[in-house]
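Working notes, structure below.
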Amino acid sequence: MTIVATALGLVLLFSFKTPDEIPAPGGPAAIAFGTPAPGATSPATPDVTSAGDDVNPTPAPPASSPPQATAASQQVDGDVIGTQFGDIQVRLIVSGSKIVDVQALQLPNDRRRSAQISQFSEPILHSEALQAQSAQIDTVSGATYTSEAYRESLQSALDRVHS
């Protein structure tokens, strides 16, 4: 009985297929970051396994249409923060003292793994920033470097608004 169960487990393990690549909307060259277009859906959680910056298995929050900048709003770009995986920079849009939007201008995407992490973590970080109305946002599990750099770039933009 144990041998049969072990053999069945091995057959199931070796027959498991993982996707080689997660297609981006609009084709492979159209990996876009920042606030999704109205009506766009969040990317599925990538099924990847490697050491380092892993992706949290929980799905990203649903995307909503981005707030539009008004005449009274102010756009401020944060510092470009370099990480070992690539540069990160955000644009902050404020109206009065309220954060109305945060757009990712640069996220790591030169490697497939980096692009997957960026696609997964950006909507979560965006939502966290809007809810917190500050740079005091939680780190996305599996995207530690991305989260820290996003937070730093956001804080630098906030500092420019308040100066």
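The numbers here are math on the coordinates, done by the rules we state, and not lab data. Given the structure is predicted, the values throughout are model-derived calculations rather than measurements. Cβ sites come from the backbone with ideal geometry, for glycine too, and all protein chains shown count toward neighbours.
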Filtering region 76-95 for residues that are surrounded by fewer than 17 Cβ atoms within 10 Å (Cβ to Cβ) and either on the phi > 0 side of the Ramachandran plot or assigned to a loop (DSSP other than H, G, I, E, B) (or both) leaves a count of 2
Quick one: Thr139 ticks every box in (1) closer than 18 Å to Thr83 by Cβ; (2) free of Cβ contacts under 8 Å to residues at least 40 places away in the same chain; (3) assigned to a helix (DSSP H, G or I) except a single one, so which number is it? (3)
Number of positions in region 96-130 that are surrounded by fewer than 17 Cβ atoms within 10 Å (Cβ to Cβ), part of a loop (DSSP other than H, G, I, E, B) and touching a Phe, Trp or Tyr at 6+ places or on another chain (Cβ under 9 Å): 2
Filter result (of a type in the set (Asp, Glu) and either over 19 Å from Gly142 (Cβ atoms) or out of contact with any strand residue (DSSP E or B) (no Cβ under 7 Å at 6 or more places or on another chain) (or both)) within region 77-121: Asp77, Asp79, Asp87, Asp101
List pairs: first in region 87-104 and under 10 Å from Ala157 (Cα atoms), second charged (D, E, K, R) and part of a strand (DSSP E or B), Cβ under 6 Å, 6+ apart or cross-chain? Arg91/Asp77; Ile93/Asp101
For region 131-156, enumerate the residues that are touching a strand residue (DSSP E or B) at 6+ places or on another chain (Cβ under 6 Å) and surrounded by fewer than 23 Cβ atoms within 10 Å (Cβ to Cβ). Gln133, Tyr145, Glu152
